[in-house]
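The values are calculated or read from the model by the stated rules, or taken from the named source; none is laboratory data. Treat the numbers as computed from the prediction; the structure is a model and nothing was measured. For neighbour counting, all protein chains shown are included, and Cβ atoms are generated from backbone atoms with ideal geometry for every residue, glycine included.
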Amino acid sequence: MNRKSLFALSAVMLAAVAALVPVLWTGNTYLHSASAQAATPADQSELIKKGEYLSRAGDCVACHTVRGGKTFAGGLPMATPFGTLYTPNITPDDQYGIGKWSSDDFYRAMHTGRSKDGSLLYPAFPFTSYTKVTRADSDAIYAYLRSVPPVHVPSRPHELKFPFNNRNLLIGWRTLFFREGEYKPDPTKSVEWNRGAYLVEGLGHCGMCHTSINMMGAPVNSSAFAGGLIPLQNWYAPSLTSSEGGLGDWEIKDIASLLKTGVSERGAVFGPMADVIHNSLQYVSDDDIKAMATYLKTIPQRKEAPETMQMETSEAFGGELLQQGQKIYHDQCAKCHAENGLGMPPNFPPLANNQSIQMKSAVNPIRMVLNGGYPPSTQGNPRPYGMPPFAQALSNQEVAAVVTFIRMSWGNKGTPVSPQQVSDLRSAPLD
């Protein structure tokens, strides 16, 4: 869940990120243990085809390809609070890529977070999630990457601040926050549920964006999947728990539709998640999407994300903004979203009873009003309806007013926002 680059872009101590998502089903088996070594396809082309599915579904191209550059040649800058990292060349070039890597080397990077030479990888390469990935799946991805054209381009050195440029410091981080081990299925759950858990928590590494991070760049496990602000991007990855704001009351079909097409009867995706779906999840099989939806619907309620990691709303402006916001909504928004806030889904999502509108953090609705945007263009929704930007048409107070009105109308339980919050987000990056 993308990009996974987001979902990688959101990591604070980023390194070479290869966001790798779901695997194909093989008969009735959803996982292959490393010890049992899954049956390797007799035809190498089948293994490569499987690895291509995994790589395409995982959005590896988005992180390892600069716009207009050679595929998988790396060099994409990823800004973090600790400096800028650049994704590496993962083509099979002998000098600059992974041409001299063995499948064991590749699996070690996925499973233990160590490079071919044994050096420690920065934990934004999501090895804390990829450690759950099976050896068979790792080998398939490796086979595919070995089949693409090599690119003779060196990886750009990271530009990290002192002392974060000292990889030896990662030893302490790993001791505190990393537990190595493949995913172990829950025997009390269905095969489909376990498949979804494997994809969401392992290959999909969804928690990298949807879980808050602490000052050391590690996930706050007590708030797993409870939502979090993506560092430096100023987009809020919403809660996935079954508590208020999560997916517990969603129908499986609506979750699956959102993941596969970017729109559903309950809402639509914008911002980083739109990129994930456009580049990644739309290519995942229907069975895998349904398995992910099944698991996501059952994620138990978690402790809310720490308030210090969120951009909080302000109670001080509610009364004076509501009336102004109602008029702006009538003039600018009701034509698409309806006077009663029910919209015309899936093209124009509902705002009434829309949990993404009511979240404690008002970052996303503010940004949508300012910058507008489109859901992703997907096979299931090739011509998405977009929302125009209002940054040039509305002042900070007017944006705060209409967002406040939307968050507090039709039974919505959101809190007011302030003009200062709008001002703070006007210069936020669009990607």
Only one residue in 62, 79, 42 is at pLDDT 50 or above and more than 20 Å from the chain's Cα centre (by Cα), so which one is that? 42
By residue number, the members of the stretch 348-383 that are outside any helix (DSSP H, G or I) and more than 17 Å from residue 274 (Cα to Cα) are 350, 351, 352, 353, 354, 359, 360, 361, 362
Being modelled with pLDDT under 90 and over 19 Å from residue 372 (Cα atoms), is that true of even one residue in the stretch 323-345? yes
Suppose we filter 338, 428 for residues that are out of contact with any Ser or Thr (no Cβ under 9 Å at 6 or more places or on another chain) and within 30 Å of residue 76 (Cβ to Cβ); which single one remains? 428
Would you mind telling me which numbered condition in (1) in a loop (DSSP other than H, G, I, E, B); (2) at pLDDT below 95; (3) among the hydroxyl-bearing types (Ser, Thr, Tyr) residue 53 fails? (1)
Taking the criterion of being within 26 Å of residue 230 (Cα to Cα), among the small types (Gly, Ala, Ser) and in contact with a Phe, Trp or Tyr (Cβ under 6 Å, 6 or more places away or on another chain), would at least one residue in the stretch 409-423 satisfy it? yes
Test residue 232 against the stated conditions and say whether it is outside any helix (DSSP H, G or I), closer than 23 Å to residue 369 by Cβ and of a type in the set (A, V, I, L, M). yes
Please state which of the following conditions residue 104 fails to meet, knowing it meets all the rest: (1) among the acidic types (Asp, Glu); (2) in contact with a helix residue (DSSP H, G or I) (Cβ under 8 Å, 6 or more places away or on another chain); (3) surrounded by fewer than 22 Cβ atoms within 10 Å (Cβ to Cβ). (2)
Please determine whether any residue of the stretch 83-97 is surrounded by fewer than 17 Cβ atoms within 10 Å (Cβ to Cβ), of a type outside the set (Phe, Trp, Tyr) and modelled with pLDDT of 95 or more. yes
Return the residue satisfying two criteria in turn: it lies in the stretch 261-297 and is buried (at least 22 other Cβ atoms within 10 Å of the Cβ) and in contact with a strand residue (DSSP E or B) (Cβ under 6 Å, 6 or more places away or on another chain), and of such residues it is modelled with the lowest pLDDT. 270
Are any residues in the stretch 375-406 within 14 Å of residue 268 (Cα to Cα) and among the hydrophobic types (A, V, I, L, M, F, W, C), and if so, which ones? 387
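Conditions tested, residue by residue: (1) surrounded by 18 or more Cβ atoms within 10 Å (Cβ to Cβ); (2) assigned to a loop (DSSP other than H, G, I, E, B); (3) within 16 Å of the chain's Cα centre (by Cα); (4) not assigned by TED's automatic domain parsing to the domain that holds residue 297.
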{"position": "205", "(1), (2), (3), (4)": "yes, yes, yes, no"}
{"position": "222", "(1), (2), (3), (4)": "no, no, no, no"}
{"position": "239", "(1), (2), (3), (4)": "yes, yes, yes, no"}
{"position": "242", "(1), (2), (3), (4)": "yes, yes, no, no"}
{"position": "248", "(1), (2), (3), (4)": "no, yes, no, no"}
{"position": "256", "(1), (2), (3), (4)": "yes, no, yes, no"}
{"position": "259", "(1), (2), (3), (4)": "yes, no, yes, no"}
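Suppose the filter is touching a helix residue (DSSP H, G or I) at 6+ places or on another chain (Cβ under 8 Å) and under 30 Å from residue 162 (Cβ atoms); does residue 71 pass it?
So residue 71 does not fit the description; no.
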Mind checking which residues of the stretch 384-431 are at pLDDT 90 or above, among the hydrophobic types (A, V, I, L, M, F, W, C) and not in a helix (DSSP H, G or I)? 387, 390, 391, 393, 394, 410, 417
Using the structure shown, decide if residue 354 is under 26 Å from residue 242 (Cβ atoms) and in contact with a Gly (Cβ under 9 Å, 6 or more places away or on another chain). yes
